[in-house]
Amino acid sequence: MAHFPRRRKAAAAMAPKAPRFSRFGRRAEGQRGRGIYLLPNAFTTGALFCGFYAIVMAMNQRFDYACWAIFVAMILDGLDGRIARLTNTQSEFGAQYDSLSDMVSFGAAPALVIYEYSLRGLGKLGWIAAFVYCAGAALRLARFNTNIEVVDKRYFQGLPSPSAAALVVGFILMMTDPDIDVSARQVDWISWTIALFAGLTMVTNVPFYSFKDVNFKKSVPFIVVFLIALIFALVAIKPAVVLWPLFVLYGLSGYVVLFWRMAKGKPVSIIQTEDEPSDPSERR
């Protein structure tokens with residue numbers, strides 16, 4: 001009877017098998033996996049949630065909740081970049097995520113809120129005004145991301161998207177205040193004008209003061225502290241009525257500065273003249 005010797009297994013076959021999907025996650029020896037920073041992105045996620053919540057509340061005709069959600073998103077958006085700098089957790093991912101969050105919270109959400117509030121009754125003119133605002137916010141954010149290296153840090157190029165959102169939803173919040181209680185149908189054309197003004201102003205080259213060069217460590221006169229306390233007191237008394245006029249003043253301040261400097265023969269330049277490190281941790 002013929003005898004067939006048993007085939008020996010190759011040494012490679014005797015080695016322990018690698019995990020089935022290990023080839024998809026190979027890294028060089030000593031290389032750490034890429035991740036995202038939790039703390040600043042958590043604030044950005046909170047701002048994104050507020051924008052989405054505002055859309056849902058507007059669809060349910062709860063415009064007061066929708067407006068306050070956007071104001072909360074403004075606070076969270078102002079904190080995420082500062083927290084990233086304080087904790088040294090800036091990243092390109094955080095910068096891009098912040099821009100996308102801003103587009104929802106300060107672009108799509110205010111446009112839908114004001115459309116549901118009073119622009120729906122204007123037909124095509126209503127949704128066109130809402131779209132102009134939404135497109136203006138998108139273009140404003142894209143231009144900020146591309147021009148961050150060259151724009152003077154003292155000024156914003158066009159109205160910042162959070163301020164434009166406050167201009168829109170602040171008006172709705174004031175109109176829905178129980179002490180005012182104006183019908184949305186009575187102010188539809190005012191809403192239309194505000195949406196167009198905010199949307200177009202975001203894409204202009206009008207300079208708006210950014211307050212980024214304010215030195216909070218510097219001593220100030222006593223009257224400045226008193227005025228700040230007075231503003232807080234007024235806002236606390238009637239926030240729905242006081243907040244919107246403040247943002248209207250800021251929305252007009254850029255045009256006042258522009259025309260005043262042009263009358264002097266010295267237009268404001270928004271081109272950066274000094275070498276300063278760019279900070280992409282905040283997108284506005």
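The values are calculated or read from the model by the stated rules, or taken from the named source; none is laboratory data. The shown structure was predicted, so the numbers you read here are calculated from the model rather than taken from an experiment. FYI the Cβ positions are ideal-geometry reconstructions off the backbone, even for glycines, and counts take in every protein chain you see. The protein model used for the area step is the full one, side chains on, heavy atoms only, and it has no ligands, DNA or RNA in it. Shrake-Rupley method; radii C 1.70, N 1.55, O 1.52, S 1.80 Å.
Observations
- Sole residue being modelled with pLDDT under 95 and either assigned to a helix (DSSP H, G or I) or basic (Lys, Arg) (or both), chosen from 69, 42: 42
- Of everything in the range 189-212 that is open to solvent by 80 Å² or more (accessible area, probe 1.4 Å) and at pLDDT below 85, the residue that is farthest from residue 260 (Cα to Cα) is 212.
- Long-range neighbours under 7 Å by Cβ, at least six apart or interchain, first residue hydrophobic (A, V, I, L, M, F, W, C) within the range 214-237, second open to solvent by less than 90 Å² (accessible area, probe 1.4 Å): 234/242; 235/242; 235/243
- Just one of the listed residues (230, 252) is within 26 Å of residue 146 (Cα to Cα) and at pLDDT 85 or above, namely 252.
- When each of 146, 89 is tested for being without any contact (Cβ under 8 Å) to a residue 40 or more places away in the chain, more than 16 Å from residue 171 (Cα to Cα) and of a type in the set (Val, Ile, Thr), the lone residue that passes is 146.
- Test: residue 194 is over 27 Å from the mean Cα position of the chain (by Cα) and in a helix (DSSP H, G or I): no
- Being touching a Cys at 6+ places or on another chain (Cβ under 6 Å) and β-branched (Val, Ile, Thr) is a property that holds for residue 72.
- The residues in the range 199-239 that are assigned to a loop (DSSP other than H, G, I, E, B) and over 30 Å from residue 110 (Cβ atoms) can be counted, and the count is 6.
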